[in-house]
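Only one structure is covered here, and it is reproduced in the block below.
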Amino acid sequence: MCAFIERFGAMNGYIGLDSLQNGESGVVRQINNVGGIRKRLLDIGLTENTVIKCVGTSPMGDPKAYLFRGAVMAIRKQDGSGVMVEKQCGGSE
């Protein structure tokens, strides 16, 4: 996936948080959510420049579990799609 982004580009090289697969990491670059969900994400510490790693997926694929700021949080695909991350290629945190 990183090669694809580097070659063809995504929106500024960013992907939705929901696109991270198990074991992949990224850095939050934009939070495009609005209203209550935006406030909740900010309240739990999901802010720009936060390093985040996908550590699990539920059996049905939604929600996914993410590790950031020392805690694991489950975030629904609908909510994660508004969080743009710059995928960290070639390594973990």
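For the reader, a short list of remarks on this structure follows.
- For the stretch 9-62, a residue qualifies if it is part of a helix (DSSP H, G or I) and of a type in the set (Ser, Thr, Tyr), and exactly one does: Ser19.
- Among the residues of this structure, Asp62 does not count as one that is touching a helix residue (DSSP H, G or I) at 6+ places or on another chain (Cβ under 9 Å), closer than 22 Å to Gly13 by Cα and modelled with pLDDT under 95.
- Residue within the stretch 49-66 that is within 18 Å of Cys89 (Cβ to Cβ) and surrounded by fewer than 13 Cβ atoms within 10 Å (Cβ to Cβ) present: yes
- Pairs are defined by a Cβ separation below 9 Å, a sequence spacing of at least 6 or placement on different chains, a first member in the stretch 27-45 that is in contact (Cβ under 8 Å) with a residue 24 or more places away in the chain, and a second member that is of a type in the set (Phe, Trp, Tyr); the pairs so defined are Val28/Phe68; Arg29/Tyr14; Gln30/Tyr14; Ile44/Phe68; Gly45/Phe68.
- Scanning the stretch 60-69 finds one or more residues that are without any contact (Cβ under 8 Å) to a residue 40 or more places away in the chain, over 22 Å from Asn33 (Cα atoms) and either out of contact with any Pro (no Cβ under 8 Å at 6 or more places or on another chain) or not aliphatic (A, V, I, L, M) (or both).
The values are calculated or read from the model by the stated rules, or taken from the named source; none is laboratory data. Quantities reported herein were computed from a predicted structural model and do not represent experimental measurements. Every residue, glycine as well, gets a Cβ built from its backbone with ideal geometry; the counts of neighbours run over all protein chains shown.
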